[in-house]
Amino acid sequence: MWNNDQKKAIKHMEGPLLIVAGAGSGKTKVVTNRIAHLIDEGIPSTDILGLTFTNKAAKEMRDRVEELTKEDVFISTFHSLGAKILRESIYKIEYKTNFSIFDEEDSLRLLKSCFRSLKKEEKYLKYVKAKISQSKNNLISYENINKDSLISKKDFIFLEIYPFYQKKLKECNAVDFDDLLFLTALLLEKKELRETYQKRWSFILIDEYQDTNFSQYTMAKILSEKHKNIFVVGDPDQSIYSWRGARYENILEFDKDFKNCSIIKLEQNYRSSQNILLASNSLIEHNQNRYKKNLFSYLDEGEKVKIFIAEDEKLECDFVIKKILEQDKERAIFYRTNAQSRIFEDILIKKKIPYIIYGSISFYQRKEIKDILAFLNLIISDDDFISFSRTINLPKRGIGKTTLLKFLELKEKNNLSLFSLCQKILKEKNLIKITKKQKESFSEYLSLIFRLRDFYEKNKHIDEIILYFLKNSDYLDYLKEDPDTYEERKENIDELIKKAATFEGDLYKFFEEITLLTTNEVSEKKYSLKLMTIHNSKGLEFDEVFIVGMDEGLFPHENCKDEIEEERRLCYVGMTRAKKKLYLTCSLKRFLHGKERIARPSRFLKEISKKYVENLSEREIRNSFYVEDRVFHKTFGIGVVKRVYNTFYGDTYDVFFEEENQIRSLIAKYAKLEKY
DNA sequence: ATATAACGTCTTTTT
DNA sequence: GACGTTATAT
Ligand SMILES: Nc1ncnc2c1ncn2[C@@H]1O[C@H](COP(=O)(O)OP(=O)(O)OP(=O)(O)O)[C@@H](O)[C@H]1O
């Protein structure tokens, strides 16, 4: 059943191998089976390292390998691998090995407090955050920044904040997501460690290689430098993470890094019907910057790709739901942005159709969960300002921004740990200006933390610590203040307790797992309908796929105008997930910033070759104006489109201008008409 | 100095 | 339509 190229890849033993292959050609399947083959050939499973980009992909591969071989192979994300290496060796760069991992929210809070401490304008927060992340992804530490190119005001702020932020992270005994790669790569550059880890895994396999960024690339390169048994698979057309530093060039330059590598191409698609595959190919061919591929399928022709142009969002949604109700199948709805899931959720709940959402806010990012974890974190950490500032005012104790800032300044001056300072404040009088009430509740808070610590000394069962916390604090009462959400939050807390009760490992491990695990497999039951962003759909496949919200401006997204090819790749990824049926929908009106606005079909709909498409709506697939659209022209004023037709010059409109009371013919390319 | 209510603002995508 | 910021009351 394998084709020859697949066979060659699976049987490959030593030396570097690159597989470049299109969607649905069996890349992931080949990686999995090659691992099984290595084990069959007598390679110890502990010598093998498999790397993926999402926890879900890692778990899936682990499960499939276990099915095939009954062995437990270390398959993880780059980030989890980083966490593992850092736990063992981070002390070499003066961190403690029991560090905690800050998620996106925590690091943003910390960065914000850095801005406040250094009195910087917070409007640059986002810029600096991106800049720090970018630097770490490119393995540039704050000592090594090339200052010459940084001349703007926001860059000066970045220059000041980056080292400060890094120092504060260390003070909190924490690393952020980017550090998991950045610090790991730095560690691996140290000779003695490098040699240790190079011996640890003698066969390395990487899936979705087109999405490696520089730090991941460096990790992979160093780890396999000695034995050169590196096996990577990827598809440049599916590179969709350039915004977080991914370079698909890594795949094209693989043969430079690993001389004499073997290269295998897989060109047969085993997933999609002819129509779906050819439609997808016809779209991706619009990318200029790309190597041509010859991807084919022997599967049935199947149905044409269905395009539906709805008059408004509600009708778009109704269309999808109606199709879903027709029969029970393995289905998914994809969208460009998380916010788009809302309308669908509303209807699905109303119609009692079971569904599951991937991504967006994961279980562990919910407020109530993070609050409790922050309290627990204070048991084992003495200087985590983020957990402290998160919990100090829960429930409200009248300690806000200003007091916290003063607190921080005092801490800086006295060079004390957080809790030493707390005790000092309670003992000595006029250290800090606080009211009697504030002081009382502050003391209450501290005593809660110390009681938790005492309890932890005697009892390390995480579920029991949480129960003890709930019993001894007013946290639940605080949640009851919002009765609408209380029930749900309480249920989530119960879920957390359940998780804690069955968890094997200490509190540190518990935190690590929870921070790195963004998806909660808790609810992974047999839901046939799945909702997710297209980014989240990578690597998956479904019988029927709906890609919704295909409006110009939403997909391709307004903010990605200069990354149009990546948007197109994203669309390609989404389309190629479908096995049997593919629906692409858009709406002519869309709610944006609280107002309903006119929207137009995405250019991608137009770019797909008509041969493979069936339009289910009355409307033509056009991403310009329709008859009766109101438009604005800067000389002629406001008008109404009366006729749309094609001339030698392309799309042409007859527009009736109110002011002049006459019709003018305008050529789309030249007349700069705007929607009005 | 904090808590709350009203106001204005701008939305990508993830580990 | 969520979010953060600012004005106002406490
Ligand atoms: N030789 C084969 N015979 C039959 N089915 C196959 C064969 N190879 C792969 N497949 C099937 O094709 C589908 C796609 O495989 P897989 O997910 O591994 O592809 P992929 O290249 O990783 O896809 P993508 O890059 O689009 O995520 C799977 O359902 C797989 O079982």
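The values are calculated or read from the model by the stated rules, or taken from the named source; none is laboratory data. Just so it is clear, the structure is predicted and the values come from calculations on it, not from any experiment. Quick reminder, even Gly has a Cβ in these numbers, built from the backbone with ideal geometry, and neighbours come from all protein chains shown.
Using the structure shown, decide if residue A:203 is hydrophobic (A, V, I, L, M, F, W, C), closer than 22 Å to residue A:102 by Cβ and out of contact with any Cys (no Cβ under 6 Å at 6 or more places or on another chain). No: the conditions fail for residue A:203.
All of A:160, A:104, A:171, A:60 fail the test of being at pLDDT below 90, under 25 Å from the mean Cα position of the chain (by Cα) and more than 16 Å from DNA strand C (Cβ to nearest atom), apart from A:60.
Take residue A:440 and decide whether it is away from DNA strand B (no atom under 14 Å from the Cβ) and either of a type outside the set (Val, Ile, Thr) or without any contact (Cβ under 8 Å) to a residue 24 or more places away in the chain (or both). The answer is no for residue A:440. Checked against (1) touching a residue at least 12 places away in the same chain (Cβ under 8 Å); (2) more than 21 Å from residue A:228 (Cβ to Cβ); (3) over 27 Å from the mean Cα position of the chain (by Cα), residue A:32 meets all criteria but (3).
Residue-wise test of (1) modelled with pLDDT under 85; (2) in a helix (DSSP H, G or I); (3) over 21 Å from residue A:362 (Cβ atoms).
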site	(1), (2), (3)
A:477	yes, yes, yes
A:500	no, yes, no
A:519	yes, no, no
A:531	no, no, no
A:536	no, yes, no
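Restricting attention to the stretch A:297-329, the residues that are loosely packed, with under 14 Cβ neighbours inside 10 Å and under 20 Å from residue A:276 (Cα atoms) add up to 3. Mind checking which residues of the stretch A:88-107 are in contact with a helix residue (DSSP H, G or I) (Cβ under 8 Å, 6 or more places away or on another chain), closer than 27 Å to residue A:188 by Cα and not in a loop (DSSP other than H, G, I, E, B)? Result: A:89, A:90, A:92, A:93, A:100, A:101, A:102, A:104, A:106, A:107. Looking at the stretch A:333-349 only, could you name the residues that are under 19 Å from residue A:570 (Cβ atoms), surrounded by fewer than 15 Cβ atoms within 10 Å (Cβ to Cβ) and among the aliphatic types (A, V, I, L, M)? Of everything in the stretch A:333-349, just one residue is under 19 Å from residue A:570 (Cβ atoms), surrounded by fewer than 15 Cβ atoms within 10 Å (Cβ to Cβ) and among the aliphatic types (A, V, I, L, M), namely A:339.
When residues in the stretch A:3-27 are screened for being touching a residue at least 12 places away in the same chain (Cβ under 8 Å) and surrounded by fewer than 19 Cβ atoms within 10 Å (Cβ to Cβ), 7 of them pass.
Note on the stretch A:115-139: among residues that are of a type in the set (A, V, I, L, M, F, W, C) and surrounded by 17 or more Cβ atoms within 10 Å (Cβ to Cβ), the one that is nearest to residue A:155 (Cα to Cα) is A:128.
The set of residues in the stretch A:327-349 being away from DNA strand C (no atom under 13 Å from the Cβ) and part of a helix (DSSP H, G or I) consists of A:348 alone.
A search for C-beta distances below 7 Å between a residue of the stretch A:265-279 that is in contact (Cβ under 8 Å) with a residue 24 or more places away in the chain and closer than 18 Å to residue A:291 by Cα and any residue that is of a type in the set (Asp, Glu) and more than 9 Å from the ligand (Cβ to nearest atom), counting only pairs 6+ apart in sequence or on different chains, returns A:265/A:5; A:266/A:5. When the stretch A:353-377 is filtered for residues that are among the hydrophobic types (A, V, I, L, M, F, W, C) and farther than 21 Å from residue A:517 by Cα, only A:353 remains.
For the stretch A:350-358, the condition of being more than 30 Å from residue A:96 (Cβ to Cβ), surrounded by 15 or more Cβ atoms within 10 Å (Cβ to Cβ) and out of contact with any strand residue (DSSP E or B) (no Cβ under 6 Å at 6 or more places or on another chain) holds for at least one residue. Restricting A:531, A:605 to those that are among the aliphatic types (A, V, I, L, M), within 16 Å of DNA strand B (Cβ to nearest atom) and crowded, with 16+ Cβ neighbours inside 10 Å reduces the list to A:531. Looking at the stretch A:133-154, can you tell me whether even one residue there is more than 16 Å from the ligand (Cβ to nearest atom), part of a helix (DSSP H, G or I), hydroxyl-bearing (Ser, Thr, Tyr) and touching a residue at least 60 places away in the same chain (Cβ under 8 Å)? Looking through the stretch A:133-154, at least one residue is more than 16 Å from the ligand (Cβ to nearest atom), part of a helix (DSSP H, G or I), hydroxyl-bearing (Ser, Thr, Tyr) and touching a residue at least 60 places away in the same chain (Cβ under 8 Å).
Results for (1) within 16 Å of DNA strand B (Cβ to nearest atom); (2) surrounded by 15 or more Cβ atoms within 10 Å (Cβ to Cβ); (3) of a type in the set (Val, Ile, Thr), shown as yes or no for each residue.
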site: A:46; (1), (2), (3): no, no, yes
site: A:52; (1), (2), (3): yes, yes, yes
site: A:56; (1), (2), (3): yes, yes, no
site: A:67; (1), (2), (3): no, no, no
site: A:75; (1), (2), (3): yes, yes, yes
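Summed over the stretch A:580-599, the residues that are crowded, with 20+ Cβ neighbours inside 10 Å and either more than 22 Å from residue A:344 (Cα to Cα) or within 13 Å of DNA strand B (Cβ to nearest atom) (or both) give a count of 1.
Quick check, is residue A:448 crowded, with 18+ Cβ neighbours inside 10 Å, part of a helix (DSSP H, G or I) and more than 33 Å from the chain's Cα centre (by Cα)? When the stated conditions are applied, residue A:448 passes them. Annotation note: Cβ proximity below 7 Å between a residue of the stretch A:399-413 that is free of Cβ contacts under 8 Å to residues at least 40 places away in the same chain and a residue that is within 16 Å of the ligand (Cβ to nearest atom) and not in a helix (DSSP H, G or I) (sequence gap 6+ or interchain) occurs for no pair.
Residues checked against (1) outside any strand (DSSP E or B); (2) acidic (Asp, Glu); (3) out of contact with any Asp or Glu (no Cβ under 7 Å at 6 or more places or on another chain):
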{"position": "A:546", "(1), (2), (3)": "no, no, yes"}
{"position": "A:549", "(1), (2), (3)": "yes, no, yes"}
{"position": "A:560", "(1), (2), (3)": "yes, no, no"}
{"position": "A:564", "(1), (2), (3)": "yes, no, yes"}
{"position": "A:590", "(1), (2), (3)": "no, no, no"}
{"position": "A:596", "(1), (2), (3)": "no, yes, yes"}
